[in-house]
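Taking it in order: structure first as structure tokens, then the write-up.
The values are calculated or read from the model by the stated rules, or taken from the named source; none is laboratory data. Here the structure is a predicted model, which is why all the values come from computation and not from measurement. Neighbour counts are summed over all protein chains in view; Cβ atoms, including those assigned to glycine, are modelled from backbone coordinates with ideal geometry. Please note that ligands, DNA and RNA were not included when accessible areas were found on the heavy atoms of the full protein model with its side chains. Shrake-Rupley method; radii C 1.70, N 1.55, O 1.52, S 1.80 Å.
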Amino acid sequence: MITSEINFNDLNILHVCNPRLKNSYISICKKGFITLKTPRVSDIFIQNLLNKKEVWIRKQLLQVEHNQPLEINLEDEVLMFGEVYSIDSTEATELRRFLEKLKKPDEKNILKCYDNFYKLYASQYIVPKVEQFSKLMNLNYEEIKFKKMKSRWGSCSSKRVITLNTQLIKIDKELIDYIIVHELAHLTHMNHSRKFHDLVDIYISNAKELNKRLKAIHLL
């Protein structure tokens, strides 16, 4: 894998060349960093791709500049871990499969494909994270559930069942870690007392900062 910097029409782009990739794609994070990942391709190919995507790139950068939530175009992009990926990226493989199976590709069914994708990806990415932190915190849960929720990122019941919002996959990984630790801490303290926050702070040193960032996110 080889990395280099590209200056394209005053846009600074990190180019990652990975021979194992089958497709090329561009991602933009909330801090405004632009990353282009490709297999081995020519400079002409890269220039053509950037010419094609320039309007989209600048639109996303404008949203970042005005602190607006990153937006995606259905069937063309997917929002994951605070970055916008093109639909042909390796991260979106399962989403493409869901979309390809649609017999009626209207907006309702397309949105359902996205929801199913986020639920699948959440179970694949988050479950190992929960297991990792539960061992670290020496706390045992009974079950993990995933569902799309409109007002909560997660919850923990008195029966030691942790429910996590599938939309977590849209936000930064460090925010996901914070929410996981937050819900695990409720296994010991079913409240938001000082002892609860002290427990969270042991494993997430910047918990207060992350909590403020979460309150500013309106993805649901």
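Take segment 42-110, compute every pairwise Cα distance, and split them into 5 Å bins from 0; I just need the percent in each bin.
Reading the bins upward from 0: 3, 14, 20, 21, 19, 15, 6, 2.
If you scale each eigenvalue of the Cα gyration tensor by 5 and take the root, what three semi-axes come out for segment 51-202, rounded to whole angstrom and sorted largest first?
33, 19, 13
Restricted to Cα positions, what overall size does segment 3-63 have along the principal axes? Three whole-Å values, descending.
If we take the Cα atoms of segment 3-63, the spans are 32, 21, 18 Å.
Compute the distribution of all C-alpha to C-alpha distances in segment 178-217, in bins of 10 Å from 0, and list the percent of pairs in each, rounded to whole numbers.
The percentages, shortest bin first, are 33, 57, 10.
Ordering 1, 80, 190 by accessible area with a probe of 1.4 Å, largest first, what comes out? Could you put the intermediate results ahead of the total?
Numbers: 1 160, 80 0, 190 105 Å².
Highest to lowest solvent-accessible surface, that is 1, 190, 80.
Distances longer than 22 Å among the Cα atoms of segment 1-133: what percent of all pairs is that? List each step's numbers first, then the result.
On the way: 3908 of 8778 pairs.
Summing the P(r) of segment 1-133 above 22 Å gives 45 percent of all pairs.
Restricting to segment 1-150, what percent of DSSP beta bridges are antiparallel, rounded to 5?
Numbers: 17 of 22 bridges.
Bridges in segment 1-150 are about 75 percent antiparallel.
Cut-off under 16 Å on the C-alpha distance; same-chain residues fewer than 8 positions from residue 37 excluded. Which lysines are left, in chain and number order?
Once the sequence-local lysines are set aside, what remains near residue 37 is 22, 52, 53.
Roughly how many debye, to the nearest 20, is the charge dipole of segment 103-176 about its Cα centre, given +1 on each Lys and Arg Cβ, -1 on each Asp and Glu Cβ, and no other charges?
Details: 16 positive and 8 negative charges, 61 e Å.
Roughly 300 debye for segment 103-176.
Using only the Cα atoms of segment 127-220, what are the Rg and Dmax in Å?
Final numbers for Rg and Dmax: 12.3, 32 Å.
What's the center-to-center distance, using Cα atoms, between segment 1-68 and segment 119-191 in Å?
Spelled out, the Cα-based centre of one part sits 32 Å from the other.
Using a 1.4 Å probe on the protein chains only, how many percent of the accessible area of segment 140-220 belongs to carbon and sulfur?
Values: 2160 of 4580 Å².
So the carbon and sulfur contribution to the accessible surface is 47 percent.
Within the chain, what's the longest run with no GluC sites (Glu not before Pro) in a DSSP loop and at most 14 other beta-carbon atoms within 10 Å? Give the range, please. Before the final figure, lay out the partial values.
Working: sites that count: 71, 142.
Formally, the longest exposed-site-free interval is 143-220.
With n ≥ 4 as the cut-off for DSSP H runs, can you work out [θ] at 222 nm for the chain, using -39500 (n - 2.57) per run divided by the number of residues, rounded to the nearest 500?
Helices in the chain give a 222 nm mean residue ellipticity of -14000 deg cm²/dmol.
Relative to the first principal axis of the alpha-carbon coordinates of the chain, what is the inclination of helix 107-137, with its axis defined by its Cα atoms, in degrees from 0 to 90 and to the nearest 10?
Around 50 degrees separate the two axes.
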